[in-house]
Number of protein chains: 4
Amino acid sequence: MPLKGYSGPLSASGRGGLVPAPPWHYSCDFLIVEYSTDADAITALLPAELEPAERPDMACVIFADWQSCSDDLHELEDPIQSQYKECFIVVGASFRGEPVSRCVYIWVDKDFAMFRGWVQGFPKKLGSIHMTRSFEVGKAACRLAPGTRFGATCTANDRQIVRAVVELEGISETGPTVNAPPMFNTRHFPAAAGLEPTVFEMVRAGGYDRDSTEIWEGPATLAFGENTLEDLQAIAPREVHRGFRFSFAYSVDGVEVVGPHDREQLR
Amino acid sequence: MPLKGYSGPLSASGRGGLVPAPPWHYSCDFLIVEYSTDADAITALLPAELEPAERPDMACVIFADWQSCSDDLHELEDPIQSQYKECFIVVGASFRGEPVSRCVYIWVDKDFAMFRGWVQGFPKKLGSIHMTRSFEVGKAACRLAPGTRFGATCTANDRQIVRAVVELEGISETGPTVNAPPMFNTRHFPAAAGLEPTVFEMVRAGGYDRDSTEIWEGPATLAFGENTLEDLQAIAPREVHRGFRFSFAYSVDGVEVVGPHDREQLR
Amino acid sequence: MPLKGYSGPLSASGRGGLVPAPPWHYSCDFLIVEYSTDADAITALLPAELEPAERPDMACVIFADWQSCSDDLHELEDPIQSQYKECFIVVGASFRGEPVSRCVYIWVDKDFAMFRGWVQGFPKKLGSIHMTRSFEVGKAACRLAPGTRFGATCTANDRQIVRAVVELEGISETGPTVNAPPMFNTRHFPAAAGLEPTVFEMVRAGGYDRDSTEIWEGPATLAFGENTLEDLQAIAPREVHRGFRFSFAYSVDGVEVVGPHDREQLR
Amino acid sequence: MPLKGYSGPLSASGRGGLVPAPPWHYSCDFLIVEYSTDADAITALLPAELEPAERPDMACVIFADWQSCSDDLHELEDPIQSQYKECFIVVGASFRGEPVSRCVYIWVDKDFAMFRGWVQGFPKKLGSIHMTRSFEVGKAACRLAPGTRFGATCTANDRQIVRAVVELEGISETGPTVNAPPMFNTRHFPAAAGLEPTVFEMVRAGGYDRDSTEIWEGPATLAFGENTLEDLQAIAPREVHRGFRFSFAYSVDGVEVVGPHDREQLR
C-alpha cells in the first residue's frame, strides 16, 4: 500500500495530512513597528553564517492577520482551515555582504500554520494574537484615515509577549525597511535521539505574485513582556521608530535551501 | 465607601467591571442564511406573550464578526477588548398582531459580549465561531464579487452547532427579512435560591445610528449539528432559502422593557 | 406554550439552558496562598454594609480545579460539562461585628461556571488557569510529600493575573483562615437600560455536605500581574504568608439573601 | 556566535526553544477503549514495511491526561509548561513476523507536546480533549469503584473526533492489548521545496522507568465523528470491546530509528 501525504498523518489516500501540498496562497493585513535595540543581543540570535547588518541595532515586530489556502482554494469556505494570526520579530543581518533579514521569534494561533512554518524555517510557537481591524461602517470601524489607532497584542504560554499601537498619519513613502531584504531562516528538525538535529540548513524565503495596498504609517508605541520563556527583554525596544499598516498577498511554493549550517556552532 | 461599576466586579473606582457602561458602538460583517423548518418547533421556543408569525416556519442563522467599544472608544486599540464573533438563530413571531423576531439561541466567543448579551435578553453561551473574510489583495482575498463563497461555522461544548456557505450572486433587492422586525427577547436572571427567576421580562432590542453597506445575496447551504446540548435538530432546515453578506453598524444604549413575562408559563 | 428552564435559553422542553437547576455537587483540588496587603485598598472593595476585618490587611488567592454536576450526575461522563478551573481573590471583612469574607475578583474557564457564579454573587470573568496536579506514579507525579512544589497561574484578557507556588512542608494544624468565615458576596444584574442595576443584593454563600482531605501547608511565593484591566496592583502582596493544598467537596442549593444593598453607594 | 537549542527558536543561550532537550519524564491517567473495525481500512494506514496484524481488525482509542517535564523538573511548578491532554488511535500491525502497534492519528492541546510528537513520529494535530477525573472527596469525585463512568471527548478543527465512555467493573487481568506491542511510527518532515520529504524513517518508540497503577476495566461505548478532516469513518467501530482506566508513567530519551522508509510508496 502507498503511504501518501505532503505531511503526516500519512495514509493511502493522503487525506488527513496536517498541511496540504504547496503552493499556498496568502492574503493578510499587516501591522508593523520598527525599533532599535541592543545590537549585541541581535547578533546573539544570528547563526555563524550571518553577519550583523549595517545598522545592527534595527528590528521590527510584525503582526499579521492571515487568510490562506492551497491551490484548489477549498480552505476558504471553511475558515477554521484558512484563517490564523501571527506575531513575529524580524532583525536585519548580512550574508556575504548583502543585506538579509531573519525571523528570530514567531507565534501563531493555528496548528497547520505552525507546522507550515517549521517546514519553511520559521520557529513557530502557539500564541494568542489580536489586531484591530478596519470595518466598512460605524463608529467602531477604525477606518484607514489619519488619527485612527490600530493596536495589536500577542500572548504565549499565558505571558504577554508584545503590545503595539500605531496611529495612522499618512501614506508612507518608503514603507517598512527592516523586513524588506530576503529573509534567511533556519530549518531545524531534531533527531530521533540525541541532541544533533537531523535537519539544520539555512533557507531563503521567497514567494511570488506579491501584491500590496498602499502603506499607511505613523508614530507607534511598542512594549515587550517580562517573564516570558524567551529572553525578549534582551531585544526589547530602546527606541521605537515608525509603525506601518497595509494589506499584502503572495504565494509560496517552498523555500530555497541556501546551504547546510555549520554544525560546529551547536556544540 | 462607594461600590461602583456598571457591572461586577464592583469597586470604589468602578474600574474592573466586566462590561463598561453603555452606550456601546458596534461594527460588523454579517453572513445570514434564511431557511424554513417545522413551525411547531419554532412555536415551542416562543413565550406565551408571542404568537407564531404569519409565516410560522421561517428562521435564519446569523453569523457576525464584531468590533465594538464603549463611548470613549478605548477598546478599539486593545482588540481583545473589542472583537468577538457570534452565531445566532432568529425566528419570526407576532406580538399583538405586529410582526416581531426573537433570538432563540446564540453563541459568542468573549466573556464581555456574553454578559452584555444576558443584560439585553440574548441567552448567550460560549462558542467557537469562524467566518470567511474579505481581504484587499491576493488569491485568498475572497472579494465581494459573483461566485465568491463565504463559509461560517460554530461549535460549542466541542459539538458542531452549525455550518453555512453562501455563494455571492449579486446585490440583493430586499436583503434578509426574518430578522428585520423589532426583536423581542427575554431578560432572565435566576434567583439566589429556588427555581423562580428574579428577572423575567420581555424586552425590545433597539439601537440607533444604524448603517449598512449594500447587501450581497446568493444561494446557500446550511446544516445543524447532531448531539448538541440544545435541541437544534427540532429546528433544523427543511428548506434552505437565500444567503446574505454585508457590513453593518449601530449603537445601543440599553433595551426597552415591553413588560414582565407571565410567570405561570414557568410552572 | 410554557417557556421553561432554570436559565436561558428557555424553551418548552427546558433543555438547552446554560445552567441546569440546582442542587449542584462539587469536588476540587485547592491551592491557596494567604498574604497581607494595603488595608485601605481592601476596604475600597467592600460595600457600605461591610466593615474592615479585625486584620484589615489580610487576603488570599484561591486556585481551584473543579469537577461539578447537577443532581442526576449526567455531566460527569461528559467532562466538558463538568470540569473547570478558577482563580479568585478573597478578602476579610466584618458584618455587624461578625467576621465574614468576600470574593472581590474571580476568573473561570467555562461559560456555565461563569454564569452560575453571577447567579450566586461571584463576579466572574473568563480566564486561563493552570494548576500543578498530583498523579499516582512517575517522576512527574508531584506527590503529596514534603518538598513537592505546586504552581498555579491565571491569565485573563491575555494579561497575566497571578502566579503562585507553594512548597509542601507538612500537614497544617489550622488550614487557611482568610476564606474560612461565611462569604458575603453581591448579586448584581444591570438594568435593561440605564445605570441602576435591576438586582443589587448581598448574599451569603452556604453549601452543605462539606468534605475535605487533610491540608498540606508550606512556604509560598505570589505575584500579581501589571497592566491588568482590574486594579490588582492596589491589592498586590506586601507580605506573602503560607500556602495550602488540599481537596474539597460540597453541594450548593442556592445562596441566602442577606438583604438589598444600599443603592446610595452607587451614585 | 553559537546558535544553540534542542529545538528552534535557536539562540546563543539556547533559552527559548519550543522543546527542552530530553530526557522527558511523563505521568498520566489513561482511558482506553479497544474496538474492531474494517481490516482493510487499517491496512490502508500502514506503511509498506508493516504487514497487517494477526487480528488485522483491532484498534484502540487512547485518551491521556499528561503531566511531563524535562530532567530538571522545572516545568512542574509552571503547569502550562507541563500539562496537556491527548487522544490517539492505535492499530495493530506486524513487522518481520513480530507484532507491533502504530499510532495512525493523534490530537494534543499544547504546542510543545505537538512538536515533541513530530520529533518522535507521532503525527500530532491540535485538538480539544476532555477526560473525567477522579477526585478525593465528594459526590462529583468519580472514585475508582465499580459503576463509576469515565467519559472522554476529542474535537479538532471544531469537528467532534471521538466520544467514549467506560464504566468501571473491576480490576483487569490482562489490561489493554492492542497498544501493548512496541510502537512503530513514522518520522516525516517535508522538504524545503517539493513533495519529497527530507525525513522519512520508521522509528520504534521506547521509554524506560515504566510504572503503572492497577488497571480497571469495564464495558465501553465509542463513537467517531462525521465530517472530520481525516477519514475517521473508515476506521469507525464495528464492535466496541472493553474499556480500561489506569495511571501510567515513563521516561523517554528519544526513539530508535528502525530504518528509512521505502520512498517508492510516496509516488
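The values are calculated or read from the model by the stated rules, or taken from the named source; none is laboratory data. Remember, it's a predicted structure, so these values are computed and weren't measured experimentally. Cβ sites come from the backbone with ideal geometry, for glycine too, and all protein chains shown count toward neighbours. The accessibility values were calculated without ligands, DNA or RNA, using every heavy atom of the protein model including side chains. Shrake-Rupley method; radii C 1.70, N 1.55, O 1.52, S 1.80 Å.
Which count do you get for residues in region A:201-233 that are β-branched (Val, Ile, Thr), outside any strand (DSSP E or B) and out of contact with any Gly (no Cβ under 7 Å at 6 or more places or on another chain)? Let's see the steps before the verdict.
Initial filter on region A:201-233 (β-branched (Val, Ile, Thr)): A:203, A:213, A:215, A:221, A:228.
Next, only the ones that are outside any strand (DSSP E or B) stay: A:213, A:215, A:228.
Within this subset, residues satisfying the condition of being out of contact with any Gly (no Cβ under 7 Å at 6 or more places or on another chain) are A:213, A:228.
The total comes to 2.
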Consider region A:214-232. How many of its residues are over 19 Å from the mean Cα position of the chain (by Cα) and either modelled with pLDDT under 95 or surrounded by fewer than 18 Cβ atoms within 10 Å (Cβ to Cβ) (or both)? 5
Any idea how many residues of region B:82-99 are more than 9 Å from chain A (Cβ to nearest Cβ) and closer than 16 Å to B:Cys28 by Cβ? 6
In region C:68-81, what residues are over 18 Å from C:Met114 (Cβ atoms) and more than 7 Å from every other protein chain (Cβ to nearest Cβ)? C:Asp71, C:Asp72, C:Leu73, C:His74
For region A:80-120, what are the residues that are assigned to a loop (DSSP other than H, G, I, E, B) and crowded, with 24+ Cβ neighbours inside 10 Å? A:Ser82
Could you check how many residues of region C:101-143 are under 16 Å from C:Cys28 (Cα atoms) and among the acidic types (Asp, Glu)? 1
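Give D:Leu31, D:Leu10 a once-over and let me know the one that is touching a Gly at 6+ places or on another chain (Cβ under 8 Å) and within 22 Å of A:Gly127 (Cβ to Cβ).
On the way: D:Leu31 fails: within 22 Å of A:Gly127 (Cβ to Cβ).
That would be D:Leu10, the only listed residue that is touching a Gly at 6+ places or on another chain (Cβ under 8 Å) and within 22 Å of A:Gly127 (Cβ to Cβ).
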Within the bounds of region C:123-132, is there any residue that is closer than 30 Å to C:Arg55 by Cα and surrounded by fewer than 22 Cβ atoms within 10 Å (Cβ to Cβ)? no
Taking region B:246-267 and the residues there that are open to solvent by less than 40 Å² (accessible area, probe 1.4 Å) and in a loop (DSSP other than H, G, I, E, B), the one that is nearest to the other protein chains (Cβ to nearest Cβ) would be B:Gly254
How many residues are open to solvent by 10 Å² or more (accessible area, probe 1.4 Å), within 11 Å of D:Val91 (Cα to Cα) and without any contact (Cβ under 8 Å) to a residue 60 or more places away in the chain if we restrict to region D:20-71? 6
Suppose we filter region B:133-150 for residues that are under 19 Å from the mean Cα position of the chain (by Cα) and either open to solvent by 10 Å² or more (accessible area, probe 1.4 Å) or among the charged types (D, E, K, R) (or both); how many remain? 1
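Residues of region B:156-169 being open to solvent by 10 Å² or more (accessible area, probe 1.4 Å) and of a type outside the set (S, T, N, Q), which ones?
B:Asp158, B:Arg159, B:Arg163, B:Val165, B:Glu167, B:Glu169
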Looking for something part of a loop (DSSP other than H, G, I, E, B), among the polar types (S, T, N, Q) and more than 7 Å from every other protein chain (Cβ to nearest Cβ) - is there at least one such residue anywhere in region D:8-27? no
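Somewhere in region B:235-245, is a residue open to solvent by 40 Å² or more (accessible area, probe 1.4 Å), among the charged types (D, E, K, R), more than 23 Å from D:Asn157 (Cβ to Cβ) and within 14 Å of chain A (Cβ to nearest Cβ)? Walk me through it before giving the result.
The initial filter retains those residues of region B:235-245 that are open to solvent by 40 Å² or more (accessible area, probe 1.4 Å), namely B:238-242.
Filter again for among the charged types (D, E, K, R), leaving B:238-239, B:242.
Remaining after also requiring more than 23 Å from D:Asn157 (Cβ to Cβ): B:238-239, B:242.
Now narrow it down to the ones that are within 14 Å of chain A (Cβ to nearest Cβ): none.
Looking through region B:235-245, none of the residues is open to solvent by 40 Å² or more (accessible area, probe 1.4 Å), among the charged types (D, E, K, R), more than 23 Å from D:Asn157 (Cβ to Cβ) and within 14 Å of chain A (Cβ to nearest Cβ).
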Selected residue (criterion: farthest from A:Phe200 (Cα to Cα)) from residues of region D:201-211 that are within 9 Å of another protein chain (Cβ to nearest Cβ) and crowded, with 18+ Cβ neighbours inside 10 Å: D:Val203
Search region D:127-176 for residues being more than 13 Å from D:Arg245 (Cα to Cα) and hydroxyl-bearing (Ser, Thr, Tyr), and hand back the single one that is nearest to the other protein chains (Cβ to nearest Cβ). D:Thr155
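Condition first: out of contact with any helix residue (DSSP H, G or I) (no Cβ under 9 Å at 6 or more places or on another chain), charged (D, E, K, R) and assigned to a helix (DSSP H, G or I). Now tell me which residues in region D:64-79 satisfy that.
First, the residues of region D:64-79 that are out of contact with any helix residue (DSSP H, G or I) (no Cβ under 9 Å at 6 or more places or on another chain): D:64-65, D:70-73, D:76-79.
Retained after the next criterion (residues that are charged (D, E, K, R)): D:65, D:71-72, D:77-78.
D:Glu77 - this is the single residue of region D:64-79 that is out of contact with any helix residue (DSSP H, G or I) (no Cβ under 9 Å at 6 or more places or on another chain), charged (D, E, K, R) and assigned to a helix (DSSP H, G or I).
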Name the pairs whose Cβ atoms lie under 9 Å apart, with the first residue in region A:220-242 and closer than 19 Å to C:Ile161 by Cβ, the second modelled with pLDDT under 95 and open to solvent by less than 50 Å² (accessible area, probe 1.4 Å), and 6 or more positions between them or separate chains? A:Thr228/D:Gly16; A:Leu229/D:Gly16
Can you name the residue in region D:212-234 that is under 16 Å from D:Trp107 (Cβ atoms) and in contact with a Phe, Trp or Tyr (Cβ under 7 Å, 6 or more places away or on another chain) and is also nearest to the other protein chains (Cβ to nearest Cβ) among such residues? D:Glu230
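Among the candidates B:Thr177, B:Thr153, B:Thr198, B:Thr186, which residue alone is under 30 Å from D:Thr153 (Cα atoms), of a type outside the set (Gly, Ala, Ser), modelled with pLDDT of 95 or more and buried (at least 17 other Cβ atoms within 10 Å of the Cβ)? Let's see the steps before the verdict.
Details: B:Thr177 fails: under 30 Å from D:Thr153 (Cα atoms); B:Thr198 fails: under 30 Å from D:Thr153 (Cα atoms); B:Thr186 fails: under 30 Å from D:Thr153 (Cα atoms).
B:Thr153 is the lone residue from the list that is under 30 Å from D:Thr153 (Cα atoms), of a type outside the set (Gly, Ala, Ser), modelled with pLDDT of 95 or more and buried (at least 17 other Cβ atoms within 10 Å of the Cβ).
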Filter region D:164-204 for residues that are of a type in the set (Ser, Thr, Tyr) and under 17 Å from the mean Cα position of the chain (by Cα) and give the result. D:Thr177, D:Thr186
With (1) closer than 27 Å to B:Gly121 by Cα; (2) at pLDDT below 95 as the list, and C:Ala205 as the residue in question, which single condition is left unmet? (2)
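Filter region B:28-51 down to the residues that are facing another protein chain (nearest Cβ under 10 Å) and either under 16 Å from B:Asn185 (Cβ atoms) or not in a loop (DSSP other than H, G, I, E, B) (or both) and list them by number.
Passing the criteria: B:Cys28, B:Asp29, B:Asp40, B:Ala41, B:Thr43, B:Leu45, B:Leu46, B:Pro47, B:Ala48, B:Glu49, B:Leu50.
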